[in-house]
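*Asks:* Could you have a look at this structure, given as structure tokens, before my questions?
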Amino acid sequence: MNRLTCATLLLLSTACASAPPRPPAPTVTFEQKMGWILQLEDRRVLRIEPPAPPPVPAPAGKKRAAPAVPPPAALDLTRLVVDTDARIRRRAALAIGRTGLAEGVAALTPVLTDTDPDVRQMAAFGLGLIGDKTAVSALTTALGDADPRVRGRAAEALGLIGDAAAAAPIGSMATAYIKQGVLGSIGPDDEQWPKAPEVEAVRLALYALVRLKAWDPLADAILDGSGGPVSAWWPVAYALQRIEDPRASRALQRLLQGEGRYTRGFAARGLGVLKDAS
């Protein structure tokens, strides 16, 4: 009886001395994460540190107990952009870009090598929105990405950043696709969207070259040996019009005499801007 009593008392004392197990961390849903992203994007910040939960009151005369539930993770776009869900990573990358904070470059640059091409192209787009030149090197590398959509977004971002040194690799990317014939079957007034990824990459590259006022790479991409346009698709005319370079006059005259109301309209406008009396 004495042994049984001692054993019972020992078990009771051990149970009283051990702390109760902490409950498991709550599961964060997709909807909650999206809510965090929208909140941070709206405030134009990368993170918000939530207040720690108050400690659990201790019985009178005893030491204050630790919080029963671990404090929630900080609302942080730099964490969400490496989430396990590609949808969350993609949306977080866009949100980081929309904050416009240079600090976001360090978070988005590694995402250019994400396994999901949709995430990679959004990271490139976000870097363009931020517009910081520290992203130029990584975006130039992304011009050689395996996915044409990423290449196009990288070109667009480099155009938005405005680094003239990026013009040559952007032009090379566009030239390579055009020489493959990706514009061959597109009519002058074709407005269908989206087009093949390679075509979209060319379009974004042309717009980027216009932003950079880079005549030579643009001409190498869209003009043939006689100085005429390789395509009558309206974005080609738009680019030649917006570049505002007198050397575009011959190509614009040819487009003016061709087909397509948009193409001829852009050509006429471009010739007017150039004050081409002919």
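*Asks:* Is there a residue being in a loop (DSSP other than H, G, I, E, B), at pLDDT 95 or above and in contact with a Lys or Arg (Cβ under 8 Å, 6 or more places away or on another chain) anywhere in region 47-60?
*Replies:* No, there is no match, as no residue in region 47-60 is in a loop (DSSP other than H, G, I, E, B), at pLDDT 95 or above and in contact with a Lys or Arg (Cβ under 8 Å, 6 or more places away or on another chain).
So that you can scan it fast, the table gives a plain yes or no per residue for (1) of a type in the set (D, E, K, R); (2) more than 33 Å from the chain's Cα centre (by Cα); (3) farther than 22 Å from residue 121 by Cβ:
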{"position": "187", "(1), (2), (3)": "no, no, yes"}
{"position": "198", "(1), (2), (3)": "yes, no, no"}
{"position": "211", "(1), (2), (3)": "yes, no, no"}
{"position": "219", "(1), (2), (3)": "no, no, yes"}
{"position": "226", "(1), (2), (3)": "no, yes, yes"}
{"position": "247", "(1), (2), (3)": "yes, yes, yes"}
{"position": "254", "(1), (2), (3)": "yes, yes, yes"}
{"position": "265", "(1), (2), (3)": "no, no, yes"}
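*Asks:* Can you tell me which of 124, 146 is among the aliphatic types (A, V, I, L, M) and either in contact with a strand residue (DSSP E or B) (Cβ under 7 Å, 6 or more places away or on another chain) or surrounded by 18 or more Cβ atoms within 10 Å (Cβ to Cβ) (or both)? Explain how you work it out, then say what you get.
*Replies:* Working: 146 fails: either in contact with a strand residue (DSSP E or B) (Cβ under 7 Å, 6 or more places away or on another chain) or surrounded by 18 or more Cβ atoms within 10 Å (Cβ to Cβ) (or both).
Answer to the check: 124.
*Asks:* Residue 92 - would you say it is at pLDDT 95 or above, buried (at least 16 other Cβ atoms within 10 Å of the Cβ) and either in the same structural domain as residue 112 (by TED's automatic domain parsing) or on the phi > 0 side of the Ramachandran plot (or both)?
*Replies:* Answer is yes for this residue.
The values are calculated or read from the model by the stated rules, or taken from the named source; none is laboratory data. Note that the structure is predicted; figures quoted are calculated from it, not measured. Neighbour counts run over all protein chains shown; Cβ positions are idealised from the backbone, glycine included.
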